[in-house]
Amino acid sequence: MPEQLPVPLTLSDAHSVAIIGAGLSGLACGHQLAGQGVKVSLFDKARGAGGRMSSKRRPLATLDLGAQAFTVRHDRFANKVAEWQSAGCVATWPTSRYQASASGWQTHDDDQLRYTGTPRMSSITRHLADTLDALPNAAITLETHIIALNKTVAGWQLQDHHGTIHGPFDMVVISAPPPQANALLAEWEPTLAAACEANPQRGCWSAWVIFEQPLPPMAKVASAWHTVHAQHPVLRLASRNHTKPGREHQPESISLLAQLDWSDDHIESDSESVAQQLLEAFVSLLPGNTNLPNIIELGAHRWRYAQPAQAGNQSYLYSTRGLALCGDSFKGSRVEDAWLSGDELGRALTGRSF
Ligand SMILES: Cc1cc2nc3c(=O)[nH]c(=O)nc-3n(C[C@H](O)[C@H](O)[C@H](O)COP(=O)(O)OP(=O)(O)OC[C@H]3O[C@@H](n4cnc5c(N)ncnc54)[C@H](O)[C@@H]3O)c2cc1C
């Protein structure tokens with residue numbers, strides 16, 4: 001990782017910043033900057049804010065396919081999560097955790113409190129996006145894939161996939177995973193590009209299954225179990241969406257997260273066969289006499305850049321040319337790391353400590 005250089009300029013209400021990526025880190029950074037009067041323009045290629053905290057809305061159920069739950073360790077993040085709880089977009093979950101192997105199911109408690117978005121994981125990023133977009137000095141533009149940066153005498157310009165040019169901006173923050181960030185900055189900033197190249201990402205497949213009826217009860221397992229960590233070569237975690245706060249009215253649906261090694265080996269497979277293999281892995285962990293309810297829907301989503309191959313040792317990076325990077329990849333691989341990274345970059349760029 002490169003050494004941090006002095007901040008190129010301390011941003012104030014005289015400056016404008018483009019943020020690429022409306023995941024948690026980009027939104028956290030946007031709030032810090034806009035709160036200090038900086039003019040913030042946030043862009044995301046997706047239809048909604050959220051990134052890897054997105055939820056998939058189907059007619060019968062809403063499914064979390066990325067982060068299922070998160071932990072809180074840092075005091076500042078704890079205060080933020082308490083704010084989100086008061087705003088009604090976060091609740092504690094899961095409280096009924098199991099682990100499963102060929103030898104059966106056992107409870108899996110570690111006394112660590114976990115949280116999830118309510119009524120879906122993306123409620124957190126939706127709340128942050130709505131409150132940011134409501135500020136007079138901030139704007140979020142969705143469905144806008146930034147494909148190139150250009151440095152002009154007036155500042156940085158962004159080109160999107162329609163050919164539209166945005167800017168100029170005094171600074172560009174990229175909160176996309178390192179391979180996607182690298183594609184934008186490689187020609188402008190070799191030091192940051194090298195940091196991205198040194199931060200390879202691992203893929204992860206997630207599947208979802210919606211059932212007609214609840215899963216049948218299992219001996220010695222709470223009927224309202226929330227998650228099961230699988231000791232299985234294909235499946236890593238199964239989580240029941242309708243046990244999450246605010247989704248009790250939905251039919252039974254489970255999210256199935258694949259093992260990272262298996263995902264890397266199958267990253268180019270087709271989603272139908274991946275969904276089927278993840279379902280078979282889950283079924284193999286149920287007692288032999290279990291009658292699975294009818295399946296209404298089965299599908300899979302590929303996260304090509306799900307998490308860094310190893311934890312980083314920096315929260316964010318920036319260069320004197322007015323480019324900066326944030327996101328979970330430079331700090332860790334968790335929701336908390338993403339929020340801290342964006343929040344700390346926003347504070348650093350406006351000359352505040354954290
Ligand atoms: C399957 C899975 C399970 C997980 N489970 C957990 C868990 O249990 N607990 C936990 O704490 N964390 C978990 N995580 C990690 C957590 O989701 C991430 O740490 C966090 O969401 C990362 O946020 P971010 O803002 O850094 O990046 P992202 O959420 O990836 O945001 C980046 C954004 O940039 C956008 N973007 C990229 N390129 C461009 C471009 N060129 N133009 C415009 N927009 C662009 C993307 O659309 C995206 O919205 C999980 C992740 C996955 C994938």
Based on what the data block shows, is L256 at pLDDT 95 or above and in contact with a helix residue (DSSP H, G or I) (Cβ under 7 Å, 6 or more places away or on another chain)? yes
Kindly indicate the residue of segment 106-125 that is β-branched (V, I, T) and touching a Leu at 6+ places or on another chain (Cβ under 9 Å) and also nearest to A91 (Cα to Cα) among those meeting that condition. I124
Answer from L113, L9, L33 - the residue that is over 23 Å from the mean Cα position of the chain (by Cα), more than 18 Å from L142 (Cα to Cα) and in contact (Cβ under 8 Å) with a residue 40 or more places away in the chain: L9
Within segment 54-71, the residues that are within 13 Å of the chain's Cα centre (by Cα), more than 7 Å from the ligand (Cβ to nearest atom) and among the polar types (S, T, N, Q) are S54, S55
Selected residue (criterion: nearest to S341 (Cα to Cα)) from residues of segment 186-195 that are in contact with a Ser or Thr (Cβ under 9 Å, 6 or more places away or on another chain) and in a helix (DSSP H, G or I): L192
Hits in segment 163-203 (condition: of a type outside the set (A, V, I, L, M, F, W, C), away from the ligand (no atom under 12 Å from the Cβ) and farther than 30 Å from A258 by Cβ): G163, T164, G167, P168, D170, E187, E189, P190, T191
In segment 305-330, anything more than 9 Å from the ligand (Cβ to nearest atom) and in a loop (DSSP other than H, G, I, E, B) is listed as A309, Q310, A311, G312, N313, Q314, S315, Y316, S319, T320, R321, G322
Kindly evaluate W188 against the criterion of being under 24 Å from A176 (Cα atoms), in contact with a His (Cβ under 9 Å, 6 or more places away or on another chain) and not acidic (D, E). no
Would you please name the residue that is farthest from the ligand (Cβ to nearest atom), looking only at residues in segment 116-143 that are assigned to a loop (DSSP other than H, G, I, E, B) and over 18 Å from the mean Cα position of the chain (by Cα)? P136
Residue in segment 331-354 that is nearest to the ligand (Cβ to nearest atom), counting only those that are among the acidic types (D, E) and surrounded by 24 or more Cβ atoms within 10 Å (Cβ to Cβ): D337
Condition (residue is part of a helix (DSSP H, G or I), without any contact (Cβ under 8 Å) to a residue 40 or more places away in the chain and among the hydrophobic types (A, V, I, L, M, F, W, C)) applied to segment 171-183: is it met by at least one residue? yes
When you check W339 against the structure, is it within 30 Å of S12 (Cα to Cα) and among the aromatic types (F, W, Y), yes or no? yes
Could you tell me whether segment 22-29 includes any residue that is assigned to a loop (DSSP other than H, G, I, E, B) and within 8 Å of the ligand (Cβ to nearest atom)? yes
Filter segment 71-91 for residues that are touching a residue at least 40 places away in the same chain (Cβ under 8 Å) and either within 26 Å of P287 (Cβ to Cβ) or in contact with a strand residue (DSSP E or B) (Cβ under 6 Å, 6 or more places away or on another chain) (or both) and give the result. W84
Residue count, segment 217-235, condition among the β-branched types (V, I, T) and outside any loop (DSSP other than H, G, I, E, B), comes to 2
Mind listing just one residue for me: the one in segment 271-292 that is in contact with a helix residue (DSSP H, G or I) (Cβ under 9 Å, 6 or more places away or on another chain) and not in a helix (DSSP H, G or I) and, of those, surrounded by the most Cβ atoms within 10 Å (Cβ to Cβ)? L292
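The values are calculated or read from the model by the stated rules, or taken from the named source; none is laboratory data. This structure is a prediction, so every number in the text was calculated from the model and none was measured. For neighbour counting, all protein chains shown are included, and Cβ atoms are generated from backbone atoms with ideal geometry for every residue, glycine included.
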